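K.L.:
One structure coming up, written as structure tokens, with questions to follow.
The values are calculated or read from the model by the stated rules, or taken from the named source; none is laboratory data. It should be emphasised that the depicted structure is a prediction, and the values quoted were computed from it without experimental measurement. Every residue, glycine among them, receives a Cβ derived from its backbone with ideal geometry; neighbour counts consider all protein chains shown. Surface areas here come from the heavy atoms of the whole protein model, side chains and all, with no ligands, DNA or RNA. Shrake-Rupley method; radii C 1.70, N 1.55, O 1.52, S 1.80 Å.
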Amino acid sequence: MKLPSPYLAAAVQTAPVFLNPEATIAKAIDWMKTAQSNGAKLIAFPEVFIAGYPYWNWIMTPVQGSKWFEVLYKSAVSVTDPMLVPLFEAAKQLQMTVVIGINERGNSLGEIYNTNLIIGSDGQLLGKHRKLVPTWAEKLTWTGGDGSTLRVYPTEIGPIGTLACGENTNTLARFSLLAQGELIHVANYISLPVAPPDYNMAEAIKIRAAAHSFEGKLFTLVSCSTISDEIKNALIDEAPEIESLFERKQSAFTGIIGPNGAVMGNPLIDEEGIVYAEIDLNRCIQPKQMHDILGHYNRFDIFDLRVNRRAQTNIQFVDSNEDWEKLT
């Protein structure tokens, strides 16, 4: 396996233009230009960056927050949406590989997925990952994805996999990416100051990223959103009593973790900006001598993991005897 030369990667911590996909795409392109001017070849953006997270699920009753669901759905995009074309063109022009979160419209009216797009430096969509299990209150908004998007994508800068937010806690999902040769993992999140009082969101994000990097001996890029005054004001106007919930610190962490599980450089906590680090995949080799959970440090005669990567469908139409025979 020929490894790429060391290169610079970037992870962004910022807020979307709330529920405005076109403006958020333009903002993402501006961040891409900044990162590319500093030499970055890979850039990671937050979870559902295009164009916002359903915070109302956490701070309002389902009835209060229901009208926001319609607004979110109308601001969602499909992977073939012409609105995304400038993003693909920017990736090609800047020769950058991009991982970015979107609210993805499904085939059924009102169906939304929490999806990460993986865009190649040639501007082509390499693939997408749909969050397998929406976390806690998120079940009021998103449909869960299936195993067909649990994949690692080969690129000229190394094999890339991605999981969104809480599913980075899912050991089996993470292992399935490692087993496909993942060497660069993008874990994107949202800032969640409304988490339970004893839950340090920034620390929890760092722990999950460090665990994956240390276990798999790879690089993890963590990109987390921030909560802008625009987002706070939009929701506080609806429910003034929730204002204090948004003031909590240690709610966002963005950083790059090395194969030894340590943070590289200085991460961002709560503040907007970009973090950079050098990705040298040669650093993933030597640590495997100690723990290679894909090889000598495992017992596959004891453990057996099967992953269903068939795309799920809610209906099958049989129009001929031949179709029926294929199904039976």
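K.L.:
With θ taken as phi - 60° and the coefficients 6.51, -1.76 and 1.60, list the Karplus ³J(HN,Hα) couplings across segment 108-118 in order, rounded to whole Hz; mark glycine and proline as x.
P.N.:
Calculated HN-Hα couplings, in order: 8, 4, x, 8, 10, 10, 8, 10, 9, 9, 10 Hz.
K.L.:
Within straight cross-link reach of residue 232, meaning Cα distance under 30 Å, which lysines are found once same-chain residues fewer than 8 apart are removed?
P.N.:
Counting by Cα, and skipping residues close in sequence, residue 232 has these lysines nearby: 27, 33, 67, 74, 128, 131, 139, 206, 249.
K.L.:
Suppose every Lys and Arg Cβ carries +1 and every Asp and Glu Cβ carries -1, with no other charges. What dipole size does segment 107-148 come out with about its Cα centre, to the nearest 20 debye?
P.N.:
Magnitude of the dipole: close to 100 debye.
K.L.:
According to the Kirkwood expression over distinct Cα-Cα pairs, how big is the hydrodynamic radius of the chain, in Å?
P.N.:
The answer is 20.4 Å.
K.L.:
If packing is taken as the average number of other Cβ atoms within 10 Å across a peptide's residues, how do 31-43, 14-26 rank, most packed first?
P.N.:
Result, highest mean Cβ count within 10 Å first: 14-26, 31-43.
K.L.:
Ignoring everything except DSSP H segments at least 4 long, calculate the 222 nm mean residue ellipticity for the chain; use -39,500 (n - 2.57) per segment, divide by total residues, nearest 500.
P.N.:
Value at 222 nm, helices only: -8000 deg cm²/dmol.
K.L.:
Tell me the label-point distance for the pair residue 71, residue 139, using the 7 Å Cα-to-Cβ offset, in nm and rounded to one decimal.
P.N.:
2.5 nm
K.L.:
Report the FRET efficiency, 1/(1 + (r/R0)^6), for residue 61 and residue 2, where r is their Cβ-Cβ distance and R0 is 41 Å, rounded to 0.05.
P.N.:
0.15
K.L.:
Once you place label points 7 Å from the Cα toward the Cβ at residue 290 and residue 317, how far apart are they in nm?
P.N.:
5.7 nm
K.L.:
Moving to a separate point now. Using only protein heavy atoms and a 1.4 Å probe, report how much of residue 305 is accessible, in Å² to the nearest 10.
P.N.:
For residue 305, solvent-accessible area is about 80 Å².
K.L.:
Take residue 85, project a point 7 Å from its Cα along the Cβ direction, then tell me which residues of segment 113-127 have their backbone nitrogen under 19 Å from it.
P.N.:
Zone members listed by number: 119-120, 122-126.
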